[in-house]
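Enquirer: Once you've had a glance at the structure underneath, I'll fire off some questions.
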């Protein structure tokens, strides 16, 4: 089924934050520090006031905004608050002042005229500097099983250090917010994944009752985790609207997005694996250190990246013992936040490289080592050595399906022939599992107090027979309007076009957490599905009264209710709905008026999805450019609600994963200055970089989830970097070049000597 929201978006009829225009609206722009660490001595706005359209300039002491400090209960956590406007900026690009003008252009001109005197201070820009300074924001350790025994009795121990550079989510639509204060209440339109979390944060920072704050998420042009955070700019714009009594808009520029929004991934992992002579994995050790940037980010904190990597690192393998340490340290860079596959991408990269290194050193095929270690289907539920309870899966079957799809033996033969011809061809396999559909138990277990984990939906049948659905979890392109409409249409027997999915709006929709962490499909299953199932018996009871039949004999389909076996005895849903909103006396004492249900759902997860990726790459030895002629994915996300949307999610995520593996880098120099401030410098994958995907599906249902549904939105980004890295490592193996860092820069691969047949 095609996505129902696409025609409107393709015609240019989408309504994004920048499309919101209100009477008397003002525009904000931010003055940002050119230094990674400094103290603001003086802000001079005298000459800026001469610019036509200039309204006001505000510094750190001028707006009443309470600190927003995310919390984590338990030990090993050092709190910080990212200030709304910084007196002591701690990264290059942090906002130190805000200007307000009658147009966005005038606001930008005012910014250029603001003079700021700084006391420049030393900057800490590397993991090693931060560790030496003991700038630790988070530290946690765990040990399970006989780790030392596993290593003492191992036939082989592989030790390696892996690293990942910084990158950014870079949604097509940058961040943006419009705020309006009517004297009593605040209304905010925001490009956000988490309207309920933003509502609570705004109320806290501005010291308002939550009932007086409303957050609306219109169309959102991509999020990928970036837009689940609440940023200082969001708080400042809301405070400006309240202070000035006029609507205020701020739309992020691309340079601001690259310099001052949350970034992701920068991490180093020191890892060891113990293996038996036959390639069985006996034990693991890891020390994960993340460059968290200057502050904890609201609401997730800096713990998410290192903790996610450490906990998922054992992957879908039978490993008896594991010891890990997860650390986040502060540097003078933008804060590290969520990005598609947060933590899990690095965990999969490290584990899959370790498995390939074990295979190489034991002289075994990488596929065979995986066969000997993958968790068999009959072993589920399986508790990993990091303590995660994997609920379901069948990785041996997925591996065999992927190997067959790519013709693995034939591909290896073609590789040998290519090497004889002097071509650098490599094949990489990656198996990963990802936690999805997390609920409150997961967030409380991590000590995260600012994310509830609960979601909700309201479904209402209107008097004309149409159906409206409002949810707490907005869409950023995942196709919620389609999948929700499919569920409603299927359960209530109405045509798809009669179902309307409303934009997320805390003023009219039930409250929840938001859309992140591959929770959308699981949330739909637990809220929308249950709400429609609650409505269905009432619709049947009303129809039975109108048809003078038994409710058990009423069938709902095609917008009608008819008596089973007698399709001519029917009433329309509109007739049923009119009866539902009739005076109570007409309904009888057993039926309440109305046709509406609201359901709150706390997912009992996590539930675990997974996939096998196989990539074939070819390296141009002169330029270092990597091309990908073949790419196969076999994934398992439980029953598919809409296969087209699932495959679209895989396509997009794998493309992001390829960019992460080969191209994308946020680079700061040793002094903390950003060197990749435009899209001329920050390289994204283009259409020519992307292979044709071959996708297969498995369906092992999640035992505890409604409909057996699992999440899958992040999986491609988790598996692709590991598969591509293994393939590149395979291609350069005859040269003795190690692949231990992402991204794999073309310059590091260029001008290698040509293959010699003697080395094949």
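The values are calculated or read from the model by the stated rules, or taken from the named source; none is laboratory data. Remember, it's a predicted structure, so these values are computed and weren't measured experimentally. Cβ placement follows ideal geometry from the backbone for every residue including glycine, while neighbour counts extend to all protein chains displayed.
Enquirer: Give 357, 399, 307 a once-over and let me know the one that is in contact with a helix residue (DSSP H, G or I) (Cβ under 8 Å, 6 or more places away or on another chain), assigned by TED's automatic domain parsing to the domain that holds residue 656 and not in a strand (DSSP E or B).
Expert: The conditions single out 399.
Enquirer: Additional query: Which numbered condition in (1) in a strand (DSSP E or B); (2) surrounded by fewer than 22 Cβ atoms within 10 Å (Cβ to Cβ) is the only one that residue 435 fails?
Expert: Answer for residue 435: the failing condition is (2).
Enquirer: Could you say whether any residue in region 362-369 is out of contact with any strand residue (DSSP E or B) (no Cβ under 9 Å at 6 or more places or on another chain), closer than 29 Å to residue 652 by Cα, at pLDDT 95 or above and in a helix (DSSP H, G or I)? Before you say what the answer is, go through the steps one by one.
Expert: Going through region 362-369, the residues out of contact with any strand residue (DSSP E or B) (no Cβ under 9 Å at 6 or more places or on another chain) turn out to be 363-365, 368.
Filter once more, keeping what is closer than 29 Å to residue 652 by Cα: none.
No; the residues of region 362-369 include none that is out of contact with any strand residue (DSSP E or B) (no Cβ under 9 Å at 6 or more places or on another chain), closer than 29 Å to residue 652 by Cα, at pLDDT 95 or above and in a helix (DSSP H, G or I).
Enquirer: Identify, from the list 49, 139, 87, the residue that is closer than 22 Å to residue 298 by Cα and outside any strand (DSSP E or B).
Expert: One residue alone meets the criteria, 87.
Enquirer: What do you reckon, is residue 134 surrounded by fewer than 20 Cβ atoms within 10 Å (Cβ to Cβ) and either in a loop (DSSP other than H, G, I, E, B) or within 21 Å of the chain's Cα centre (by Cα) (or both)? Steps first, answer last, please.
Expert: Details: surrounded by fewer than 20 Cβ atoms within 10 Å (Cβ to Cβ): yes; either in a loop (DSSP other than H, G, I, E, B) or within 21 Å of the chain's Cα centre (by Cα) (or both): yes.
It is true that residue 134 is surrounded by fewer than 20 Cβ atoms within 10 Å (Cβ to Cβ) and either in a loop (DSSP other than H, G, I, E, B) or within 21 Å of the chain's Cα centre (by Cα) (or both).
Enquirer: Return the only residue of 110, 120, 98 being under 26 Å from residue 203 (Cα atoms) and touching a residue at least 24 places away in the same chain (Cβ under 8 Å).
Expert: 98
Enquirer: So, one more: Name every residue in region 373-385 that is more than 16 Å from residue 438 (Cβ to Cβ) and part of a loop (DSSP other than H, G, I, E, B), in order of residue number.
Expert: 375, 376, 380, 381, 385
Yes/no per residue for (1) assigned to a loop (DSSP other than H, G, I, E, B); (2) buried (at least 19 other Cβ atoms within 10 Å of the Cβ); (3) in contact with a strand residue (DSSP E or B) (Cβ under 6 Å, 6 or more places away or on another chain):
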site	(1), (2), (3)
387	yes, no, no
403	no, yes, no
425	no, yes, yes
428	no, yes, yes
444	no, no, no
450	yes, yes, no
453	yes, yes, no
482	no, yes, no
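Enquirer: Here is a follow-up. Here is a check on your reading of the model: is residue 462 in contact with a helix residue (DSSP H, G or I) (Cβ under 8 Å, 6 or more places away or on another chain) and either surrounded by fewer than 21 Cβ atoms within 10 Å (Cβ to Cβ) or in contact (Cβ under 8 Å) with a residue 24 or more places away in the chain (or both)?
Expert: Taking the combined requirement at face value, the residue satisfies it.
Enquirer: Among the listed residues 550, 609, which satisfies the condition of being in the same structural domain as residue 388 (by TED's automatic domain parsing) and touching a helix residue (DSSP H, G or I) at 6+ places or on another chain (Cβ under 8 Å)?
Expert: Just a single option satisfies the conditions, and that option is 609.
Enquirer: Quick test for you: out of 210, 193, pick the one residue that is at pLDDT 95 or above, in contact with a helix residue (DSSP H, G or I) (Cβ under 7 Å, 6 or more places away or on another chain) and surrounded by fewer than 18 Cβ atoms within 10 Å (Cβ to Cβ).
Expert: 210
Enquirer: Filtering region 659-703 down to residues that are in a helix (DSSP H, G or I) and modelled with pLDDT of 95 or more, which residue is farthest from residue 639 (Cα to Cα)? Before you say what the answer is, go through the steps one by one.
Expert: Residues of region 659-703 that are in a helix (DSSP H, G or I), as a first pass: 659-662, 687-689.
Pick out the ones that are also modelled with pLDDT of 95 or more and you get 659-662.
On the way: 659: 29, 660: 29, 661: 30, 662: 33 Å.
In this case the residue turns out to be 662.
Enquirer: Related question: For region 257-271, give me each residue that is assigned to a loop (DSSP other than H, G, I, E, B) and in contact with a strand residue (DSSP E or B) (Cβ under 9 Å, 6 or more places away or on another chain).
Expert: Correct list: 262, 265, 266.
Enquirer: Can you tell me how many residues in region 19-52 are free of Cβ contacts under 8 Å to residues at least 40 places away in the same chain and closer than 29 Å to residue 675 by Cβ?
Expert: Summing the residues that are free of Cβ contacts under 8 Å to residues at least 40 places away in the same chain and closer than 29 Å to residue 675 by Cβ in region 19-52 gives 0.
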